[in-house]
Amino acid sequence: DPITFYEVTGMNGRFRFSLKGEPSSLCPLPDPLPVRYSALDGKALESEKKSGHFLFASGKEAILSTVEELTPYTNLEIHLVGPDGNALKGDLYAKVVSVPQDEGEGYLLRFTDVPESVETFLKRLLVSLKQSENPSEG
């Protein structure tokens, strides 16, 4: 039998509680950040690595541009690619939470596991972007 899933974001009444998260602060990346990724099927990893680029990023989410077709709720193992063309250490895991509605849009990914090395890299990148936008605030 099919199972129906619902996205519960809160409840009213006596317990009045909301799970609404903080709004995402995705930053546009002036130079798309290259990534290599594989889809996960349960705990099994697809053997073929695919390529794409992060167009926007935050510490919790990113917009992925790729020629491959992804479906909602697909789990991905991602490796960020450094300027030297080599993958940075650490496996970043994410879930596809939204697919493009129009040509040229990317897939919204929510990070589910971020290794310290990737977190540090993203924080430094985002801080440098914010400082370049507001040079007087650095």
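Bear in mind that the values in this text are calculations on the coordinates, not laboratory data. Since this is a predicted model, take the numbers as computed values, not measurements. Positions of Cβ are generated from backbone atoms using ideal geometry, with glycine treated the same way; all protein chains shown enter the neighbour counts.
Helix-derived [θ] at 222 nm for the chain: sum -39500 (n - 2.57) over DSSP H runs of at least 4, divide by residue count, nearest 500? Numbers along the way, then the final one.
Details: 1 runs with 18 residues, N = 138.
The helix-only estimate for the chain comes to -4500 deg cm²/dmol at 222 nm.
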From the phi angles alone, apply the Karplus equation (6.51, -1.76, 1.60; θ = phi - 60°) to the stretch 48-56 and give each ³J(HN,Hα) in whole Hz, x where the residue is Gly or Pro. 8, 7, 10, 10, x, 9, 7, 8, 9
Taking 47, 132, 65 and counting other beta carbon atoms within 10 angstrom, the fewest-first order is 47, 132, 65
Do you know the relative contact order of the stretch 1-119, to the nearest whole percent, from alpha carbon pairs under 8 angstrom that are 6+ apart? 20 percent
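Based on the Cβ-Cβ distance of residue 93 and residue 132, what FRET efficiency does E = 1/(1 + (r/R0)^6) give at R0 = 30 Å, to the nearest 0.05?
Values: r = 29 Å, r/R0 = 0.97.
Efficiency, rounded to the nearest 0.05: 0.55.
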So which residue, out of 86, 75, 12, gets the largest mean-square fluctuation from a GNM of the chain using Cα contacts under 10 Å as springs? 12
Difference of contour (0.36 nm per residue) and Cα-Cα distance, residue 66 to residue 101: 11.2 nm
Which Cα, out of 122, 75, 101, lies furthest along the positive dipole direction of the chain (beta carbon charges, K/R +1, D/E -1)? 122
In cubic angstrom, how much convex hull volume per residue do the alpha carbon atoms of the chain span? 184 Å³
Can you tell me the FRET efficiency between residue 47 and residue 5 if r is taken as the Cβ-Cβ distance and R0 is 25 Å, rounded to the nearest 0.05? 0.30
With charges only on Cβ, +1 for K and R and -1 for D and E, what is the dipole size of the chain about its Cα centre, in debye, rounded to 20? 580 debye
